[in-house]
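**Student:** The structure follows.
We did not get these values from a lab; they are worked out from the coordinates using the rules stated. Keep in mind that this is a model prediction, so the values were computed, not measured. Because the Cβ atoms are built from the backbone with ideal geometry, glycine has one as well, and the counts that use them run over all protein chains shown.
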Amino acid sequence: MDRDEILKEREIGKQLLLVNILQTENEKVRRGGFSTITADRIAKWADISIEDVRRMVDACGLLDITSIASKAVNEYFDSDGHSEERYMRDFALFTCYRNGTRFIKSFDENSFEVKAEINFDLYMEAFKNEPVSDAAASTTVFKQLMMLYAKCFVSAVEEVMALGYAWEVIQTMIGFEMSKDRFEDLKEMTKSDISR
């Protein structure tokens, strides 16, 4: 390895460590706690600029499951023909949050019907006071939400890639392993499905 390769590997290692720290702190906050780590402290500790810390925080935020699910749900309701039935937005968010990452990992379109029914039953059980109509259990609704989630995921990953992060760092940000080839397959699948 030459000097440039060593420096690049060190930078990737530093970024991986920072992503893990940020995700740990975010999980603390998500569970009701609070974070005591500031951008200033991380910048000093890692010997990087505050702007680089903020850029990484923003990149991690783009790939957060809640952020992607929210974007998919907004796109679903912004498209023509989707009524805002009472609690339907909550149902759509539940569906994307619960099933989106699983779908991205598996690309399994064959089990949409079964998964749509299970998802509907789980929602109705968990949110008895916020019911949605039986139409929400349709395979069509489930598929549309999963494809929009996948499209929003692809868009977020591309946005983070444009920031110059290595694929290893992006995988850590998304929280699971995915090869670049598999990502390209997902990208093609979302393009072909959206065009139907």
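**Student:** Which condition number in (1) under 27 Å from Glu188 (Cα atoms); (2) assigned to a helix (DSSP H, G or I); (3) of a type outside the set (A, V, I, L, M) is the one that Tyr123 fails?
**Tutor:** Status for Tyr123: all satisfied but (1).
**Student:** Okay, moving on. Scan region 124-149 and report the pairs whose first residue is touching a residue at least 40 places away in the same chain (Cβ under 8 Å) and whose second residue is among the polar types (S, T, N, Q) and part of a helix (DSSP H, G or I), with Cβ atoms within less than 6 Å and a gap of 6+ or a chain change.
**Tutor:** From residues that are touching a residue at least 40 places away in the same chain (Cβ under 8 Å), the pairs are Leu145/Thr95.
**Student:** Listed residues Glu184, Glu168; which is surrounded by fewer than 20 Cβ atoms within 10 Å (Cβ to Cβ) and free of Cβ contacts under 8 Å to residues at least 40 places away in the same chain?
**Tutor:** It is Glu184.
**Student:** Can you confirm whether Val154 is touching a Lys or Arg at 6+ places or on another chain (Cβ under 9 Å), among the aliphatic types (A, V, I, L, M) and surrounded by 13 or more Cβ atoms within 10 Å (Cβ to Cβ)? Before the answer, list the steps.
**Tutor:** Numbers: touching a Lys or Arg at 6+ places or on another chain (Cβ under 9 Å): yes; among the aliphatic types (A, V, I, L, M): yes; surrounded by 13 or more Cβ atoms within 10 Å (Cβ to Cβ): yes.
In short, yes.
**Student:** Determine which member of the set Glu51, Glu75 is out of contact with any strand residue (DSSP E or B) (no Cβ under 6 Å at 6 or more places or on another chain), among the acidic types (Asp, Glu) and touching a residue at least 40 places away in the same chain (Cβ under 8 Å).
**Tutor:** Result of the check over Glu51, Glu75: Glu75.
**Student:** Follow-up question, since we're still on this one. Return the residue satisfying two criteria in turn: it lies in region 78-120 and is touching a residue at least 60 places away in the same chain (Cβ under 8 Å) and in a helix (DSSP H, G or I), and of such residues it is nearest to Lys151 (Cα to Cα). Steps first, please.
**Tutor:** Just the residues of region 78-120 that are touching a residue at least 60 places away in the same chain (Cβ under 8 Å), to begin with: 101, 104-105, 107.
Then keep just the ones that are in a helix (DSSP H, G or I); that gives 101, 104-105.
Details: Thr101: 12, Ile104: 10, Lys105: 14 Å.
Among those that are touching a residue at least 60 places away in the same chain (Cβ under 8 Å) and in a helix (DSSP H, G or I), it is Ile104.
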